Amino acid sequence: MESCYSDYLIEVLGNIRVGYTTTTIRLNMKAAFRARLSAAPLPRRLTPRERRVLHEVARGRMNKQIAFDLGISEVTVKLHRGNVMRKMRAASIGELIRTWETLPMPLREACAA
């Protein structure tokens with residue numbers, strides 16, 4: 001993941017050096033973000049338990065709450081969440097939730113089931 005961000009940073013700095021305006025750089029950043037989201041794998045590759053954990057994380061629930069509701073340990077929730085982040089190629093929870101929000105509603109509902 002770090003190489004992805006360093007490449008991105010080098011590209012942005014190159015744009016600044018070339019003399020692009022702030023608006024142009026923002027538009028390029030948005031286009032790159034959209035391209036990254038479209039390349040992200042769909043949650044169909046997730047196990048049913050990982051989908052359920054993803055749904056609960058997206059709702060803003062804490063690990064302890066998710067563990068209690070699913071009848072599993074908090075450590076197991078952390079493992080599932082880590083697997084979800086790896087499979088969805090998310091570097092942070094915020095990025096995972098943004099990716100979740102861009103998914104079509106039927107896919108999000110399938111995760112909740």
Condition met for I93 (under 30 Å from E11 (Cβ atoms), modelled with pLDDT of 85 or more, in contact with a Gly (Cβ under 9 Å, 6 or more places away or on another chain) and not small (G, A, S)): no
Unmet criterion (only one of (1) surrounded by fewer than 18 Cβ atoms within 10 Å (Cβ to Cβ); (2) at pLDDT below 90) for L103: (1)
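Identify the residue in segment 45-96 that is outside any helix (DSSP H, G or I) and of a type in the set (V, I, T) and, among all such residues, is farthest from R108 (Cα to Cα).
Here is the first cut: in segment 45-96, the ones outside any helix (DSSP H, G or I) are 46-47, 59-62, 71-73, 88-92.
Adding the requirement that they be of a type in the set (V, I, T) leaves 47, 72.
Numbers: T47: 14, I72: 22 Å.
Top of the filtered list is I72.
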If I filter segment 46-58 for residues that are of a type in the set (D, E, K, R), out of contact with any Gly (no Cβ under 6 Å at 6 or more places or on another chain), modelled with pLDDT of 65 or more and exposed (fewer than 12 other Cβ atoms within 10 Å of the Cβ), do I get at least one hit? no
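The values are calculated or read from the model by the stated rules, or taken from the named source; none is laboratory data. On a predicted model such as this, the values are computed, not experimentally measured, just so you know. Every residue, glycine as well, gets a Cβ built from its backbone with ideal geometry; the counts of neighbours run over all protein chains shown.
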